[in-house]
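Below: one structure, written as structure tokens.
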Amino acid sequence: MLTSGKFGTFLGNNEKDRNRQKLSERTFSIWGYLWENINKFLNPYFEHGAEINADNSQVLHPSTEDRDLLLWTKMYCRYDLCCEAKTALDIDVETSNVLKAVTEKLSQAEVGT
């Protein structure tokens, strides 16, 4: 759909390029098409949340905490034979080991002074 040439929304590197090429006169905006055909693109399995904006749009608040981030190794490392993605447990163990080492160094520094 995007590569069909029917929509000019993402053609060119910036708005200046799109204006110079007169893409708005020769192509359609994909946003209008999506809005008119919104039911084709809605996820039927999406569970609506309780928080709704004034314009009736829903708000998602994903956690951006380091401990909640997870690399999808089967997706992003599937072709990388050298990729040894670490699990959250591996990271916790490494962090724990680093903290122990730092604590030991600080203790040694205090004893030395």
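Regarding Val102, is this residue surrounded by 10 or more Cβ atoms within 10 Å (Cβ to Cβ), among the aliphatic types (A, V, I, L, M) and either modelled with pLDDT of 80 or more or out of contact with any Gly (no Cβ under 6 Å at 6 or more places or on another chain) (or both)?
yes
Mind telling me which of the residues Gly49, Gly12 ends up being open to solvent by less than 90 Å² (accessible area, probe 1.4 Å), modelled with pLDDT of 70 or more and outside any helix (DSSP H, G or I)?
None of the other options fit; the residue is Gly12.
Checking the condition at negative phi, of a type in the set (D, E, K, R), modelled with pLDDT of 75 or more and open to solvent by less than 90 Å² (accessible area, probe 1.4 Å), which residue from Asp80, Asp90, Asp68 passes?
Asp68
The values are calculated or read from the model by the stated rules, or taken from the named source; none is laboratory data. What you are looking at is a predicted structure, and each value in this text was computed from that prediction instead of being measured. All Cβ positions, glycine included, derive from the backbone under ideal geometry; neighbour counts span all protein chains shown. Keep in mind that these areas ignore ligands, DNA and RNA; they rest on the heavy atoms of the full protein, side chains included. Shrake-Rupley method; radii C 1.70, N 1.55, O 1.52, S 1.80 Å.
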